[in-house]
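Heads up, the thing below is written out as structure tokens.
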Amino acid sequence: VFSHVIFKLSDRANLNAGLRFTKEDKEWFIVESRPVTGRYVVPPTVLQEDWSDVSPRIGLDYQLTDDLMIYGSISEGFKSGGWNPRMFDPTNLVGYDPEYLTSYEFGFKSQWFDRRLVLNGAFFYYEYEDLQLSSFEPGADPTNVTLTVSNAGEVEIMGFELEIAARPAPGLDLQLGIGYQTNEYQSLADSVPWSLDNVLPDAPKWSINAGVQYAIALGDAGTLVPRLDASYKSTTFKDTYNSEDIAQPALWLLNAQLAWQ
């Protein structure tokens, strides 16, 4: 159940407020046995849990000029808990708790030169509590590897995003997006085996995307539109341990296409 309201404080200022109530009930039946002997690895088991949360949001936007708006918001989010999906004995029948996020965002949206240039930017700061992270852990039997989801602890993420879209000439469109983020564990649960100095997986510091296209008029034959796109991500770790041997080095991707309209 949610509600969202906008209060018009003046001709240029708006106050945005929202409230969301979430309730989740989960029931999981699991049984695992050896295919040859029929011996139970995990006997027939039913696990049940429910969680609920109230998540507020409040924001303010102000139109400085007809072409420039600034805004700020604070919001909270929630993701329910669950159980580890892969197990080899009853000791793996453990669950994980919900995670909670508080998000702060401040930015601007603008358009210039009769809307031929759009420039948007945002700064963000996230606080996670009981962040859920997946990792592979050795089982009781050395030949087994258990996929676990753990409430790792408290994490802070901060960064900025910048977006530019321009049409400097008829038919020519340019686009550029730049993102930067850094993250840091503030605390780790006692059960988490990796270091407090590690960073989050799949969280590159820098990300860039750019595109250019030009519409070529062909008269009665339509329009030909060649387009080029490029994207970049800096070095990215692929696991919670920040293993260098499976880290993804900095990567550029280039795409080209030709469209006929």
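The values are calculated or read from the model by the stated rules, or taken from the named source; none is laboratory data. Just so we're clear, the structure is a prediction, and the values are computed from it rather than from any experiment. Every residue, glycine among them, receives a Cβ derived from its backbone with ideal geometry; neighbour counts consider all protein chains shown. Remember, those area values only see protein heavy atoms, side chains included, never the ligands or the DNA or RNA. Shrake-Rupley method; radii C 1.70, N 1.55, O 1.52, S 1.80 Å.
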Summarise the accessible area of the range 115-217 (1.4 Å probe, protein heavy atoms) by the percent that is carbon and sulfur.
57 percent
Take the Cβ-Cβ distance between TYR40 and SER191 as r, set R0 to 25 Å, and report the resulting FRET efficiency rounded to the nearest 0.05.
0.45
Stick to the Cα atoms of the range 1-98, pair each with every other, and give me the Kirkwood hydrodynamic radius in Å at one decimal.
17.6 Å
If you take the beta carbon distance between ILE164 and PHE136 as r and set R0 to 41 Å, what does 1/(1 + (r/R0)^6) give as a FRET efficiency, to the nearest 0.05?
0.50
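Let's test the formula: R0 of 25 Å, r as the Cβ-Cβ distance of GLN48 and VAL1. What FRET efficiency results, to the nearest 0.05?
Here the calculated transfer efficiency is 0.65.
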The range 15-155: Cα Rg divided by the 2.2 N^0.38 Å rule of thumb
1.60
Compute the Kirkwood hydrodynamic radius of the range 65-136, taking the inverse of the mean of 1/r over all pairs of distinct Cα atoms, and give it in Å to one decimal.
15.9 Å
Could you state the accessible area per residue of the chain in Å², with a 1.4 Å probe and every protein chain left in place?
63 Å²
For the chain, what percent of Cα pairs sit more than 31 Å apart?
50 percent
Output wanted: per-residue J couplings in Hz (rounded whole) for the range 223-230, from phi through Karplus 6.51 cos²θ - 1.76 cosθ + 1.60, θ = phi - 60°, x for Gly and Pro.
9, 9, 10, x, 9, 10, 10, 9
Which residues does a label at LYS205 reach in the range 226-250, if reach means a backbone N under 17 Å from a point 7 Å past the Cα toward the Cβ?
232-238, 242-244, 247-250
Residue order for VAL145, VAL192 - accessible surface, 1.4 angstrom probe, largest first:
VAL145, VAL192
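How do LEU162, LEU68 rank by accessible surface area computed with a 1.4 Å probe, from largest to smallest? Show your work: numbers first, answer last.
Details: LEU162 60, LEU68 40 Å².
In descending accessible area the options line up as LEU162, LEU68.
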Zone residues, the range 143-181, relative to ALA217, backbone N less than 13 Å from point 7 Å out along Cα-to-Cβ
170-172
Calculated from backbone phi, Karplus (6.51, -1.76, 1.60) coupling profile of the range 66-76 in Hz, x at Gly/Pro:
5, 10, 9, 10, 10, 8, x, 8, 10, 9, 10
What relative contact order, as a whole-number percentage, does the chain give when Cα pairs under 8 Å and 6 or more residues apart are counted?
10 percent
Around THR236 (Cβ within 14 Å, Cβ-to-Cβ, excluding THR236; K/R +1, D/E -1) the net charge comes to -1
Taking the simple approach of a point 7 Å from Cα along Cα-to-Cβ for both LEU228 and VAL145, what is their distance in nm?
4.1 nm
Along Cα→Cβ, 7 Å out, is where each label goes; now give me the distance between the ones at PHE108 and GLN248 in nm to one decimal.
3.3 nm
